[in-house]
Amino acid sequence: MDPARARELLSQERARIERELARLGPPEGEPDPRDRADQGDELFEEERDAGLAEALRDRLAAIERAEGRIEEGTYGLSLKSGKPIPDARLEADPAAELTVEEQRARELGRG
């Protein structure tokens, strides 16, 4: 993939992630334990949002790693095998670090 196109896709993904993080807002302080019984639904939502925020921060880190690979000249190559990652995969996931097959094997616990 052309480095300029990769930068564009990563920039768009970064902006989307940053908007989502801003929408979630800063982490809240620990609620008073006496209020938890009355705030069950609110606590559930806060915990869900905290999990989502963590996943978004992980995604942002993956974007930063991809931007570093562009600078190093290794963007678009699998971190595991060094094989080229198809442009179609990078269009769908510009921060992809593995080929589809390698990612599938990792998710199945075989890689």
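The values are calculated or read from the model by the stated rules, or taken from the named source; none is laboratory data. Everything quoted here is computed from the prediction, not taken from an experiment. No Cβ is skipped: glycine too gets one built from the backbone with ideal geometry, and neighbour counts run over all protein chains shown.
What to note about this one:
- Count of residues meeting criterion [surrounded by 13 or more Cβ atoms within 10 Å (Cβ to Cβ) and under 17 Å from R7 (Cα atoms)] in the range 75-111: 14
- Near pairs, Cβ below 6 angstrom, 6+ apart or cross-chain, from the range 37-66 (over 15 Å from R19 (Cβ atoms)) to any residue that is surrounded by 13 or more Cβ atoms within 10 Å (Cβ to Cβ) and at pLDDT 95 or above: A62/A95; A66/L10; A66/A95
- Only one of L21, L9, L52 that is surrounded by 13 or more Cβ atoms within 10 Å (Cβ to Cβ), among the hydrophobic types (A, V, I, L, M, F, W, C) and either at pLDDT 95 or above or outside any helix (DSSP H, G or I) (or both): L9
- Each residue in the range 85-111 was checked for being free of Cβ contacts under 8 Å to residues at least 12 places away in the same chain and not aliphatic (A, V, I, L, M), and 9 pass.
- Considering residues of the range 56-74 that are of a type outside the set (D, E, K, R) and under 13 Å from the mean Cα position of the chain (by Cα) only, the residue surrounded by the most Cβ atoms within 10 Å (Cβ to Cβ): A66
- Counted residues, the range 87-111 - those being farther than 22 Å from R14 by Cβ, at pLDDT 95 or above and part of a loop (DSSP other than H, G, I, E, B): 1
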